[in-house]
Amino acid sequence: CISADFVLGKGIAVEFRKRFNTKQMLLEQYPNGCEVGSCLLTGKVFNLVTKEKYWQKPTYHSLFISLLNLKKQIISNDIKFIAIPQIGCGLDKLCWVGVQRMIFDIFDDVDISIVVCKLKR
């Protein structure tokens, strides 16, 4: 989950920015920004835009819309496997149980394997 201002300044977004040059790619591909609810592909990384500004928190609705857009891209690109963090749940404070249920519901009719990666602390 990222913000529409492409700050990528905290949490796992920092690692994606460093390892995959995500921020620069987003700024180049979307110079006029994007809408909340978008799912933006940079390289092999899907970025779910769940809030307007980096300091805001996403809502379940904004995550839901982003996940629906992710589903469209997964189907159109015939993707069979993705790995995700517990999206929206770390710094963004959404509850994993609710997010997990949303993911199951949205992707129930899609032939895809989804692996959830969790940071050990």
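The values are calculated or read from the model by the stated rules, or taken from the named source; none is laboratory data. Quick caveat: nothing in here was measured; it's all calculated off a predicted structure. When we count neighbours, we look across all protein chains shown, and the Cβ atoms used for this are built from the backbone with ideal geometry, even at glycine. Please note that ligands, DNA and RNA were not included when accessible areas were found on the heavy atoms of the full protein model with its side chains. Shrake-Rupley method; radii C 1.70, N 1.55, O 1.52, S 1.80 Å.
The table that follows gives values for the structure above.
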{"read-out": "Solvent-accessible area per residue, Å², over the chain with all protein chains present [probe radius 1.4 Å]", "value": "63"}
{"read-out": "Cα lying deepest toward the dipole's positive end in the chain, options PHE20, SER76, PHE107, charges on Cβ", "value": "PHE20"}
{"read-out": "For the chain, calculated [θ]222 nm from helices alone, where every DSSP H run of n ≥ 4 adds -39500 (n - 2.57)", "value": "-11500 deg cm²/dmol"}
{"read-out": "Filtered chymotrypsin sites (Phe, Trp or Tyr not before Pro), the stretch 46-121: DSSP coil and at most 13 other beta carbons within 10 Å", "value": "TRP55"}
{"read-out": "Gaussian network model of the chain, springs between alpha carbon atoms under 10 Å - residue of ASN69, ASN21, ASN47 with greatest fluctuation", "value": "ASN21"}
{"read-out": "Candidates ILE79, ILE103, ILE87, ranked by Gaussian network fluctuation over the chain, Cα under 10 Å, top entry", "value": "ILE79"}
{"read-out": "Cβ-based net charge around PHE81, under 15 Å, with every Lys or Arg adding one and every Asp or Glu removing one", "value": "+1"}
{"read-out": "Net length gained if the chain between ILE112 and LEU41 were fully extended (0.36 nm per residue, minus Cα distance)", "value": "23.8 nm"}
{"read-out": "Count of lysine pairs in the chain with Cα separation under 13 Å (8 or more residues apart, or interchain)", "value": "8"}
{"read-out": "Option label - log10 I(q)/I(0) by the Debye sum over Cα atoms at q = 0.13, 0.17, 0.19 Å⁻¹ computed here, alternatives (i) -0.47, -0.84, -1.08; (ii) -0.57, -0.89, -1.05; (iii) -0.58, -0.96, -1.16", "value": "(i)"}
{"read-out": "Whole-percent carbon and sulfur share, accessible surface of the chain, 1.4 Å", "value": "55"}
